[in-house]
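Okay, structure first, notes after.
The values are calculated or read from the model by the stated rules, or taken from the named source; none is laboratory data. Predicted model only: the values in this text are computed from it and were never measured. Methodologically, a virtual Cβ is constructed for each residue, glycine included, from the backbone with ideal geometry; neighbour enumeration extends over all protein chains shown. With ligands, DNA and RNA removed, areas are computed over all heavy atoms of the protein, side chains included. Shrake-Rupley method; radii C 1.70, N 1.55, O 1.52, S 1.80 Å.
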Amino acid sequence: MIQKAKGTYDVFGEYGKRLLYVEELIEGLMEKYNYEYFRTPIFESSNLFHRGVGETTDIVTKETYDFKDRGDRDLTLRPEGTASIVRSFIENKMYGNHTIPVKAWYYGPMFRYERPQSGRFREFYQFGVEVFGSEDPLADAEVISIPVNLYKLLGLKGIKVNINTLGDSESREMYRNALIKYFEPYINDLCEDCKERFNKNPLRILDCKVDTNKDIMKNAPKTIDYLNENSKRHFEMVKKYLDSMHIEYSVNTNLVRGLDYYTHTVFEVEASVEGFGSQNVLCGGGRYDNLVETLDGPKTNGVGFAMGVERLMTALDYENVSMPLINGIDCYIIPMSENEKDYAAHLCMELRLNGFITDIDYNNRNLKNNFKMADRLNSKFVIIIGEEEKNTNIITIKNNETKEEYKIKDEDLIDFLDENIGE
Ligand code: HAM
């Protein structure tokens, strides 16, 4: 038997219904926020992610799915959405011919060759947004408000918003130097990855999962102490806007995030319920004012976030969040024999096109098994089509709950159902 690839999963049944509900909610929310839907290719030139996400990140050094196509091109399955959306922004010259700010949202599969565990997959879905062309801290606050409001709409309660700032390029540089000075004497106490990070990107040492509880990490310099006036002001304003939107947050000075492109605000939302598991970061993001330029576009501010959809689904299950899902169908049609199937199929089509959830037996079950099937499908009505019904166009329809039976003309069927099936 061929099995699914490691780190992937199938969607069906109740999970599928809950997922579709969440997807619909996301779409509706993005409409209210006036964001534009973007869809970019699942594979891109490998270069895009090397330069976009950062050469020193775990994602690029260890986790990308790289391949050569038959034309010998180097391609990569996207590990995240931001670099692709930035590529699209530049390639489609949106900086010149689109309404600024460009506010993009996206939803789709991402691929990372990570060690699979609960909440961590090799193919996973992200919902994310990217805003281009505003340096205003209100844009940062708006972006942070999106996942918070989605969780609120869904009824998810146990969440915690952590924010921090890395400052602008100047502040980041000062902070980088301070970290190098601080970690130099301890270099041999760090894990192998961190030794490498020390040379390439010392900020990422703070993001280490191995050394995280060591005292040298806890006592490391804080970004907040190396901010210039501009960066301080930006962060203060982000907090002010969050306060005015009644969004609760904590400032976590060790939050640096695992991707290289951030400047100023970074944030993560975690599931803060006891026992949720180690992969509890539901979403993360921040500002990236240099990324568009790094990828050969004009200097353009950017800010965004992405959320792991699987982790969201797990959190919803974990908190037993109920959803108003459709449970059952409106009509189940039973043709009594081969001869009535054409007429039954015609009726079935009419009902579906008029908005009724309808199913029909095409497995030639006997009447008894068909009634069992109607119960299993939780059908409100059962329509039986025999020879007489087909010849006279008068339908026998049974309320499957009260067991009352009605005879009505087929042309009156839609009106009958409209009256008898409430919203
Ligand atoms: P990220 O932190 O790498 O950021 O991923 C965002 C979210 O995707 C994580 O918080 C997590 O919920 C989910 N996620 C990541 N890896 C996995 C995995 N292997 N399995 C399941 N879920 C996963 C980014 O991707 C940035 N592009 C976010 C961003 C957008 N920053 C600015 N704009």
Practice task
Looking only at the stretch 90-106, decide whether some residue is outside any helix (DSSP H, G or I), of a type in the set (A, V, I, L, M), over 19 Å from VAL292 (Cα atoms) and open to solvent by 20 Å² or more (accessible area, probe 1.4 Å).
Solution key: no
Exercise for the section: Having 2 or more residues that are in the same structural domain as PRO109 (by TED's automatic domain parsing) and out of contact with any Cys (no Cβ under 6 Å at 6 or more places or on another chain) is the bar; report the helices (runs of 4 or more DSSP H) wholly within the stretch 281-363 that clear it. Expected result: 291-294, 309-318
Completion exercise
All conditions in (1) within 24 Å of VAL53 (Cα to Cα); (2) part of a helix (DSSP H, G or I) are true of PRO185 except (1)
Problem - Boolean, ILE247 is open to solvent by less than 20 Å² (accessible area, probe 1.4 Å) and assigned to a loop (DSSP other than H, G, I, E, B) - result: yes
Exercise for the section: Within the stretch 180-195, identify whether any single residue is under 30 Å from THR300 (Cβ atoms), at pLDDT below 95 and not assigned by TED's automatic domain parsing to the domain that holds SER272, and answer yes or no. Expected result: yes
Completion exercise
Taking first residues from the stretch 56-80 that are more than 16 Å from the ligand (Cβ to nearest atom) and second residues anywhere that are open to solvent by less than 40 Å² (accessible area, probe 1.4 Å) and of a type in the set (Val, Ile, Thr), the pairs with Cβ under 6 Å that are 6 or more apart or on different chains are ASP66/THR76
Exercise for the section: Test GLU270 against the stated conditions and say whether it is open to solvent by 40 Å² or more (accessible area, probe 1.4 Å), outside any helix (DSSP H, G or I) and under 21 Å from LYS160 (Cα atoms). Expected result: yes
Exercise for the section: Give the residue that is least open to solvent (accessible area, probe 1.4 Å), with candidates limited to residues of the stretch 346-359 that are in contact (Cβ under 8 Å) with a residue 24 or more places away in the chain and more than 35 Å from the chain's Cα centre (by Cα). Expected result: LEU347
Fill in the blank from the handout: Restricting attention to the stretch 277-317, the residues that are open to solvent by less than 10 Å² (accessible area, probe 1.4 Å), among the β-branched types (Val, Ile, Thr) and within 10 Å of the ligand (Cβ to nearest atom) number exactly 2
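To keep it simple, each residue is scored yes or no on (1) open to solvent by 40 Å² or more (accessible area, probe 1.4 Å); (2) closer than 27 Å to PRO324 by Cβ; (3) among the β-branched types (Val, Ile, Thr).
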site: PHE111; (1), (2), (3): no, no, no
site: PHE121; (1), (2), (3): yes, no, no
site: PHE127; (1), (2), (3): no, yes, no
site: ALA139; (1), (2), (3): no, no, no
site: LEU153; (1), (2), (3): yes, yes, no
site: GLY158; (1), (2), (3): no, yes, no
Completion exercise
Filtering the stretch 83-113 for residues that are within 14 Å of the ligand (Cβ to nearest atom) and at pLDDT below 95 leaves a count of 0
Exercise for the section: For the stretch 9-55, enumerate the residues that are open to solvent by less than 80 Å² (accessible area, probe 1.4 Å), farther than 22 Å from LYS68 by Cα and in a loop (DSSP other than H, G, I, E, B). Expected result: TYR9, VAL11, TYR33, TYR35, PHE38
